Structure formats: structure tokens, C-alpha cells
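The values are calculated or read from the model by the stated rules, or taken from the named source; none is laboratory data. Please read all numbers here as calculations on a predicted model, not as lab measurements. We place every Cβ from the backbone using ideal geometry, glycine too, and count neighbours over all the protein chains shown. Quick note on the areas: whole protein, heavy atoms, side chains included, nothing else; ligands and nucleic acids left out. Shrake-Rupley method; radii C 1.70, N 1.55, O 1.52, S 1.80 Å.
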Amino acid sequence: MTTEYLDLVEWLRECKNDRDGVITPEIQHAGDIIKAGGLVAFPTETVYGLGGDGLNAEASKKIYAAKGRPSDNPLILHITEMEDLYGIVEEIPEAACILAEKYWPGPLTMIFKKKDCVPYSTTGGLDTVAVRMPSHKAARALIKAAGTPIAAPSANSSGRPSPTKASHVKEDLNGKIEMIIDGGEVGIGLESTIVDVTGETPVMLRPGYITKEMLDELFGKVEIDPVITTLHPDPNLKPKAPGMKYRHYAPKGDMTIFEGESEAVVARINAEATEAKKNGHVTAVLATDETKDKYNADYVFSVGKRSNPEEVAHNLFDVLREFDEVKADRLFSESFSGEKLGLAIMNRLRKAAGYNIIKVD
Ligand code: TXA
Ligand code: MG
């Protein structure tokens with residue numbers, strides 16, 4: 001299949017001050033592809049998504065096939081207005097109204113009881129459905145042009161880091177889908193926060209830009225799925241978001257995270273890199289601006305200033321992909337505080353490293 005390519009970078013610049021972007025004939029064409037059961041990758045404020053008609057069981061199956069994703073891992077439906085929600089969910093609990101009011105459109109996904117019109121192939125066989133209202137103008141224009149909720153997982157091959165640039169999507173999906181929309185680099189760089197609102201109290205299933213602290217502020221204390229914070233995954237502990245159980249975000253090399261005081265971590269990583277190089281390995285470090293000049297590995301990539309977690313989140317997946325780009329097979333990473341946005345950063349990093357974590361004294 002030839003993948004069409006639509007560049008909306010200039011369009012995004014032009015509609016910067018509008019509430020929603022204008023639907024051009026090119027965007028309508030993209031919407032028509034979705035309506036006809038095809039797949040279009042598109043930018044959102046979190047990561048790029050791989051979109052198909054969420055109410056069309058065949059389109060969902062194509063999404064799983066293009067990504068090589070296990071079919072028990074459900075998709076998120078993307079909408080633009082609260083009215084769209086009424087058509088796909090059985091009930092809208094009070095907590096969902098509070099969250100929607102505060103954080104939609106934005107990087108928040110909520111789990112609801114699904115209506116019959118949402119096919120089981122979209123929800124991975126579950127009676128619940130995940131819904132998000134993105135704020136990104138290109139995403140909103142595409143959903144409006146398609147005239148249907150768009151099912152969209154992150155637009156990476158299953159297991160690889162989520163894409164934060166159109167070039168990442170191309171690497172994974174070129175020739176497998178009908179179209180890629182380029183909206184430049186995404187803003188946030190980590191997938192949305194997922195909150196289950198079907199129970200008595202809201203439960204966080206995946207951390208993201210909307211932090212636990214922000215949710216606590218709205219509801220008192222919210223619960224958090226224990227798999228998010230675990231350091232040693234227990235095979236008996238089943239995550240409530242099925243996708244959280246898969247090895248994910250993983251570069252191809254063997255990755256270890258080093259935790260501890262900065263000087264000690266630098267010294268330890270340098271010792272490990274020296275040894276690995278001696279044994280013929282290609283070494284790479286995930287560093288920060290503060291430390292990047294102190295390493296002796298073959299490749300050193302900075303995720304930005306340690307003091308700026310938003311910058312770290314923004315660059316994280318790009319650096320994980322760089323590791324593969326340079327074909328490094330021994331990967332060493334610094335660790336970050338698990339507070340606020342750091343919880344999402346460390347959750348992705350631990351999974352990328354397959355929970356290989358070493359404490360350095
Ligand atoms: O930021 C995002 O959320 C991006 C953009 C494209 O919107 N999408 C994304 O989708 O990250 P994906 O498919 O990579 O991750 C969806 C996660 C998976 O962990 C999945 O198991 C969980 O959401 N999920 C989906 N439906 C669910 C449900 N009904 N119950 C529990 N978890 C669900
Ligand atoms: Mg994903």
C-alpha cells in the first residue's frame with residue numbers, strides 16, 4: 001500500500017488563534033478515508049495516534065494488524081464534543097463530569113460503560129470503553145471531518161516507544177496504512193492519563209501529564225493502580241488497563257536504570273560503559289543537560305534539564321528511539337523523581353528498561 005502524506009504544519013500555524021481549525025478539502029479527504037474504513041495516523045497533544053472508525057469493527061481489526069498489537073488490548077475513542085460522549089457510553093458518572101469540565105479537551109482518558117454501538121473489537125472484548133477529547137487542532141479537525149469517534153492507539157508498532165514526530169510514525173507504519181498527517185513535534189510527549197470513573201472513586205490506571213496530585217486536588221485522594229508504581233512486577237498483579245502489562249516503550253538494547261546521587265550515578269555508569277565497550281558492545285546513555293558532558297559511552301543523549309520535567313517528558317520517547325537508531329546494545333539511564341509528572345516519566349522508563357533498576361550508593 002502507498003501511504004499518503006499530509007503536511008499540516010503550516011495549517012497549524014495559520015489557525016493558531018482559532019478555537020478549532022478550518023476543515024480544508026485535504027483534511028476532508030483524510031476524514032473520508034476514516035469513514036471508508038481506512039487508517040490515518042495523526043498528531044495529538046500527547047503522542048501521534050493511529051486512527052480508524054471506532055464504531056466499525058473491521059477498522060479496529062485493521063488497527064491491531066497494522067501495529068501488530070494483541071487484540072485483548074483495547075483502543076481509546078477520540079471525540080470532540082460532550083454530545084459525542086452520549087452516543088457511546090451508558091452513563092456519565094459525576095466524577096466524569098468534574099474531570100471533563102476541568103481537563104477536556106486535553107490529555108485525559110476516562111473509562112466508561114460502553115453502549116452496544118461500540119464494537120467489542122474496539123474494546124478488546126470489554127464492556128467498558130476508553131474515551132478522550134483531544135485539544136490538538138489537527139486531531140479535532142480530523143475527527144470532525146470523519147463524523148465518527150476515532151479509535152486511536154499510539155501510532156507505533158506494538159512494543160516500540162510511542163511516536164512524538166511524524167518521522168517516528170513513518171519508521172513504524174509506512175506502507176501499512178492509508179495516510180500519515182504531519183503536525184510537527186507533539187507538545188507533551190507521553191500518552192494521556194487514564195482514569196477509570198466506573199467505580200465509587202476514580203482510579204488512575206496510567207499516569208500522564210494530568211498528575212495524581214492534580215486528581216487528588218479535585219477528589220481528595222484518588223486510587224492508583226498498584227502496577228503503576230511497582231518496582232518488581234508481580235505476574236499475579238493484573239493491571240486494570242490491559243495495555244500496561246505488555247513490555248512497552250522498549251528500545252532493542254539491554255537497558256538499565258541507575259538510581260542515586262548524581263555524581264555516584266555518573267561514576268557507576270561510566271564504569272559499566274567502560275566494561276561493556278571492552279566486551280565489544282555499543283553503549284549509550286540517557287542523560288540530562290546537567291550531566292551529558294560527563295559520560296564516556298559511545299553515545300550520550302540528553303532528555304533536557306532535570307529541573308524541567310516537562311522537557312524530559314517531551315524528549316523521552318525520542319531518545320529511546322535514538323538508542324535504536326545508533327544500534328546501541330548496552331543502554332544506561334539516569335533516574336528521575338517520581339513526583340507529579342515524574343510518576344509518568346518513571347513509569348515509562350521502568351517499562352522501557354524491563355524493570356532493570358540498580359540503586360547506587
Ligand atoms: O495519549 C493517548 O492516550 C494516545 C493518543 C493517540 O490519544 N493513545 C494511546 O493509546 O496511548 P494506546 O492504545 O497506546 O493506549 C491505550 C491504553 C492501553 O493501556 C489500554 O489497555 C487502555 O488504554 N485501555 C483502553 N480501553 C480500556 C478499557 N476499557 N479499560 C481499561 N483500560 C483501557
Ligand atoms: Mg501505546
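Some values worked out for this structure:
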read-out	value
Charge tally in the Cβ shell below 12 Å around residue 163, where Lys, Arg are +1 and Asp, Glu are -1, residue 163 excluded	-1
Relative packing of peptides 306-317, 228-239, 33-44, 286-297 - highest average C-beta neighbours within 10 Å first	33-44, 306-317, 286-297, 228-239
Rounded to whole Hz, the Karplus (6.51, -1.76, 1.60) HN-Hα couplings of the stretch 106-112, x for glycine and proline	x, x, 10, 10, 10, 9, 10
Most to least packed among 131-144, 257-270, 4-17 [average Cβ atoms within 10 Å]	131-144, 257-270, 4-17
Percent RCO, i.e. relative contact order, over the chain, from Cα pairs under 8 Å lying at least 6 residues apart	19 percent
Extension gain from residue 4 to residue 58, taking 0.36 nm per residue of separation minus the Cα-Cα distance	17.4 nm
Dimensions (Å) - the stretch 254-359, Cα atoms, principal axes, largest first	39, 28, 24
Too-long pairs where the Cα-Cα distance tops 25 Å, listed order kept, from 170/238; 170/212; 165/359; 115/340; 113/212; 114/240	170/238; 170/212; 165/359; 115/340
Degrees, to the nearest 10: 309-325 long Cα axis against longest axis of the chain	80 degrees
Gap separating the Cα centres of the stretch 102-180 and the stretch 1-54, nearest whole Å	12 Å
Residue-averaged 222 nm ellipticity for the chain, from DSSP H runs of 4+ at -39500 (n - 2.57), nearest 500	-9500 deg cm²/dmol
HN-Hα J in Hz across the stretch 158-170 - Karplus 6.51, -1.76, 1.60, θ = phi - 60°, x for Gly and Pro	3, x, 7, x, 5, x, 10, 9, 4, 5, 5, 5, 4
Accessible-area composition of the chain, carbon plus sulfur, in percent [1.4 Å probe]	50 percent
Cα principal axis extents for the chain, largest first, Å	58, 47, 39
Principal axis box of the stretch 239-296, alpha-carbon based, largest edge first, Å	40, 28, 17
D (Stokes-Einstein, µm²/s), Kirkwood Cα radius, the stretch 157-267, 1.002 mPa s at 20 °C	126 µm²/s
Accessible area expressed per residue, the stretch 237-359, with surrounding protein chains retained (probe 1.4 Å, Å²)	44 Å²
Per residue accessible area in Å² of the stretch 103-202, where ligands, DNA and RNA are left out and the probe is 1.4 Å	28 Å²
At q = 0.31 Å⁻¹, base-10 log of I(q)/I(0) for the stretch 34-87 (Debye sum, equal scatterers on each alpha carbon)	-1.32
Order by protection proxy (mean Cβ within 10 Å, highest first), peptides 106-114, 94-102	106-114, 94-102
Cβ-defined net charge surrounding residue 282, 15 Å radius [Lys, Arg +1; Asp, Glu -1]	-3
